[in-house]
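*Asks:* First, the structure itself, so that you have it in front of you.
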Amino acid sequence: MVRRYKPEEKKRSFRITYWLGVAAIAALWAWGFKSYFNRYEYLHPGITWAVPGIEINVINVKGLLLWKEALLKAPASGQLSFPLGKGPVRVARGAVVARVGGREVKAFQQGYFVAGVDGQESRWRYSELWQESAEFFQKPAKLRFIADGASASRGGTIGKIIEQPQDLRFLGYMKLKGDAEEQIRRKKFRVRMDVDDTVSRADIRVTQKAGELTKIYVTMPWFPPDLVLSRNYTLTIDAGLTKGALVPESAILEKNGSRGLYLVRGARVIFTPVEGIMIENNKFLVTNGVSVGDAIVENAAEAREGRIQLW
């Protein structure tokens with residue numbers, strides 16, 4: 001039996017067929033446009049050039065200071081006074097550093113006097129500290145001053161003398177970078193009081209690998225009085241310069257387990273593995289794999305290997 005469609009049904013069927021055809025054409029057109037656009041992007045990638053770059057390697061090592069010290073005891077009970085101040089202050093042997101109960105307390109040796117303690121004086125030894133973990137080295141050990149005018153008991157601690165001259169020593173855990181490993185082999189670190197200071201030399205006494213870190217024990221090249229205010233210290237090590245080719249961070253891509261970028265060679269783009277480090281301002285310093293002046297694709301995430309059209 002043949003079904004006969006009414007005119008209204010024929011019109012509705014025609015409209016449905018028509019709009020389905022229009023949608024198919026639109027989808028095909030969008031697919032074609034997208035394919036063309038993608039191909040155009042692949043053929044005409046944004047190009048940049050590797051320029052000379054330098055990274056100044058500075059390692060800030062948090063650790064602990066060690067020095068020889070001797071506690072001063074009150075010869076009598078009474079009110080304390082410090083004629084030279086609470087310090088730290090340089091004193092000569094025999095200088096009066098405190099008075100208590102009408103009695104004078106003199107420096108038994110030249111050095112730094114400070115009217116304060118931190119409770120670590122009797123147990124701050126290299127043999128014990130060397131065994132401690134990196135976390136222990138972050139704990140604060142700051143001085144607590146004794147107030148001028150405070151009451152003292154006979155035999156009580158009223159300050160300490162840090163003899164001079166003596167070697168100031170430093171213990172810390174550091175990450176190796178730059179030429180730090182080479183400095184360890186030479187038994188000397190290039191160090192600074194701060195990043196703007198001139199370079200001095202610190203003798204390396206002992207080093208030991210501790211997982212990803214290296215534990216170091218060094219002799220400091222300076223010992224200013226203010227360092228006795230805290231046993232905590234951050235040592236600034238100059239680890240040299242890293243030179244290479246500077247490229248945008250966006251040019252670097254992780255591919256097949258390798259870090260690389262798309263290098264332009266003539267009319268072709270080639271994925272090239274590189275070595276280097278991320279630095280400030282969204283830049284990557286390539287130390288191996290690319291030379292200064294090489295043309296590279298600026299946005300690696302939207303690039304692929306193959307032919308390109310530069311102009």
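The values are calculated or read from the model by the stated rules, or taken from the named source; none is laboratory data. Keep in mind the model is a prediction, meaning the values are calculated, not measured. Methodologically, a virtual Cβ is constructed for each residue, glycine included, from the backbone with ideal geometry; neighbour enumeration extends over all protein chains shown. Please note that ligands, DNA and RNA were not included when accessible areas were found on the heavy atoms of the full protein model with its side chains. Shrake-Rupley method; radii C 1.70, N 1.55, O 1.52, S 1.80 Å.
*Asks:* What do you reckon, is PHE137 in contact (Cβ under 8 Å) with a residue 60 or more places away in the chain, in a strand (DSSP E or B) and either open to solvent by less than 60 Å² (accessible area, probe 1.4 Å) or of a type in the set (Ser, Thr, Tyr) (or both)?
*Replies:* no
*Asks:* Go through (1) surrounded by fewer than 16 Cβ atoms within 10 Å (Cβ to Cβ); (2) closer than 20 Å to TRP222 by Cβ; (3) among the polar types (S, T, N, Q) one by one and return the number of the condition GLN183 breaks.
*Replies:* (1)
*Asks:* If we keep just the residues of region 193-247 that are touching a Phe, Trp or Tyr at 6+ places or on another chain (Cβ under 6 Å) and of a type outside the set (A, V, I, L, M), which is farthest from GLU132 (Cα to Cα)?
*Replies:* It comes out as PRO225.
*Asks:* Restricting to region 278-292, name every residue that is surrounded by fewer than 15 Cβ atoms within 10 Å (Cβ to Cβ), outside any loop (DSSP other than H, G, I, E, B) and among the aliphatic types (A, V, I, L, M).
*Replies:* Once the filter is applied, which keeps residues that are surrounded by fewer than 15 Cβ atoms within 10 Å (Cβ to Cβ), outside any loop (DSSP other than H, G, I, E, B) and among the aliphatic types (A, V, I, L, M), region 278-292 yields only MET278.
*Asks:* Which residue is farthest from ARG205 (Cα to Cα), if the candidates are limited to region 57-111 and must be among the aromatic types (Phe, Trp, Tyr) and surrounded by 15 or more Cβ atoms within 10 Å (Cβ to Cβ)?
*Replies:* Applying the filter and picking the extreme gives PHE82.
*Asks:* While we're on this one: Are there any pairs, at least 6 apart or on different chains, whose C-beta atoms fall under 7 Å, with the first in region 102-127 and more than 15 Å from PRO75 (Cβ to Cβ) and the second acidic (Asp, Glu), and if so, which?
*Replies:* Correct list of pairs: GLN109/GLU163; GLY111/GLU163; GLU121/GLU69.
*Asks:* Give the residue, chosen from ARG265, ARG259, ARG231, that is of a type in the set (Lys, Arg) and surrounded by 17 or more Cβ atoms within 10 Å (Cβ to Cβ).
*Replies:* The conditions single out ARG231.
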